[in-house]
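Following: one structure in structure tokens, then a few remarks.
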Amino acid sequence: PEYRDQVAIRTTTVDASPFFKDFKGWKANLRKRYWGFGMDKLPLNGRVWYPTGPGPFPLVLIVHGNHDMSEFSDPGYAYLGELMASRGFILASIDENFLNSGLFHDPPKQQAVRGWMLLEHLKLWRNWNNSSANPFYRKIDVQNVALMGHSRGGEAAATAALFNKLAYYPDDATIQFRYGFPIKSIVAIAPADGQYKPAGEWRVLDDVNYFTIQGANDADVSSFMGSRQWDHVRFSGNGDFFKAELYIYRANHGQFN
């Protein structure tokens, strides 16, 4: 109901069906029946925490990972939303539960679409910042954007940073990208890595800050996969960037959310 009757700002849907050309038959039909929409009408849902005052404020998007799709996890970042809003950031927790596991399957290609969805959300924020009828009009520092994610969401944040600089989807050049957002930083919390490899290659990110964090008692992502993405972050020397990784004794996977 919070994305239906109680919503403060109504958003449009996006068509992800070009990514799911092979997703047909009973699995696709069952998922559409459960959610009430297909891959051609994915919703742009999010919960937002923001400071009071005129702004503009840096924008942070965070996205959850995989779990049973009937158990929403996007409310689990309220503690981060409250903290970051108190520090002068806008934080939006993005709903991608409809891409998660359930009904005996995972949707194919969903790892790539998780990243693409973040860029579609950034398009919304850019439009809101320029619309005088929107409550976020000129409150967003569109030159300072960060993407965060947990588990599959951590990989999605890196994927979004890659897609942001590409003209075409690496696995299907009929899908065009026109983004080019000023994404400054990526934060990957216990991220997956390698579940999606663009055109079969590791993601290489250029000139973006990258921070990854991993728990030593993580029984889901049981190795420090974020460290591999850390290895694939490069700096040209044109600009001031950093990358860092943090390994936490006895921290587990799920309680980051």
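The values are calculated or read from the model by the stated rules, or taken from the named source; none is laboratory data. The structure displayed is predicted, hence computed values, not measured ones. All Cβ positions, glycine included, derive from the backbone under ideal geometry; neighbour counts span all protein chains shown. The protein model used for the area step is the full one, side chains on, heavy atoms only, and it has no ligands, DNA or RNA in it. Shrake-Rupley method; radii C 1.70, N 1.55, O 1.52, S 1.80 Å.
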Cα-based equivalent ellipsoid, the chain: semi-axes from gyration tensor eigenvalues, Å:
25, 24, 20
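Nearest 5 percent is fine: what portion of the DSSP beta bridges confined to the stretch 64-201 is antiparallel?
30 percent
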Of Ile175, Ile213, Ile94, which has the largest mean-square fluctuation in a 10 Å C-alpha GNM of the chain?
Ile175
One can check that the equivalent ellipsoid of the stretch 44-89, built from the alpha-carbon gyration tensor with semi-axes equal to the square roots of five times its eigenvalues, has lengths in Å, largest first, of 24, 10, 8
Considering only Cα-Cα distances, which of the following residue pairs are longer than 29 Å: Lys27/Lys184; Lys32/Lys165; Lys27/Lys197; Lys21/Lys165; Lys123/Lys197; Lys32/Lys123?
Lys27/Lys184; Lys32/Lys165
Measure off 7 Å from each Cα along the Cα-to-Cβ vector at Glu245 and Asp172, then give the distance between these two points in nanometres to one decimal.
3.3 nm
On full extension of the chain, what length is gained from Leu103 through Tyr3, given 0.36 nm per residue of separation minus the C-alpha to C-alpha distance?
33.8 nm
The local net charge around Glu155, scoring Lys/Arg +1 and Asp/Glu -1 for residues other than Glu155 whose Cβ lies under 11 Å from its Cβ, equals +4
Trypsin sites (Lys or Arg not before Pro), loop per DSSP, at most 16 other Cβ atoms within 10 Å - longest free stretch of the chain
179-249
Identify, among Met117, Gly53, Leu83, the residue whose Cα sits farthest towards the positive end of the charge dipole of the stretch 49-141, taking +1 on the Cβ of Lys and Arg and -1 on the Cβ of Asp and Glu, with the dipole about the Cα centre.
Gly53
Which semi-axes, in whole Å and largest first, does the equivalent ellipsoid of the stretch 159-212 have when worked out from the alpha carbon gyration tensor as the square roots of 5 times its eigenvalues?
20, 15, 8
Grab the other residues whose beta carbon is less than 13 angstrom from that of Asn100, score K and R as +1, D and E as -1, and report the net.
-3
With every protein chain present, what is the per residue accessible area of the chain (1.4 Å probe, Å²)?
49 Å²
Carbon and sulfur %, accessible surface of the chain computed with the full protein complex present, 1.4 Å:
51 percent
Residue (of Ala192, Ala157, Ile140) at the positive-pole extreme of the stretch 131-257, dipole from beta-carbon charges:
Ile140
Cα shape, the stretch 183-257, gyration tensor, a/c 1.5 rule:
oblate
Pairwise FRET efficiency - Ser223 versus Asn144, Cβ, R0 = 41 Å, nearest 0.05
0.80
Only Lys, Arg (+1) and Asp, Glu (-1) charged, at Cβ; the stretch 31-165 dipole about Cα centre in debye:
380 debye
Computed about the Cα centre, the charge dipole of the chain from +1 Lys/Arg and -1 Asp/Glu charges at the Cβ has a magnitude in debye, to the nearest 20, of 560 debye
Rg and Dmax of the stretch 48-196, Cα atoms only, in Å
15.3, 48
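Plugging the Kirkwood radius over Cα pairs into Stokes-Einstein for the stretch 1-120, at a temperature of 4 °C and a viscosity of 1.567 mPa s, what D comes out in µm²/s? Let's see the in-between values first.
Numbers: Rh = 15.5 Å.
Answer, rounded: 84 µm²/s.
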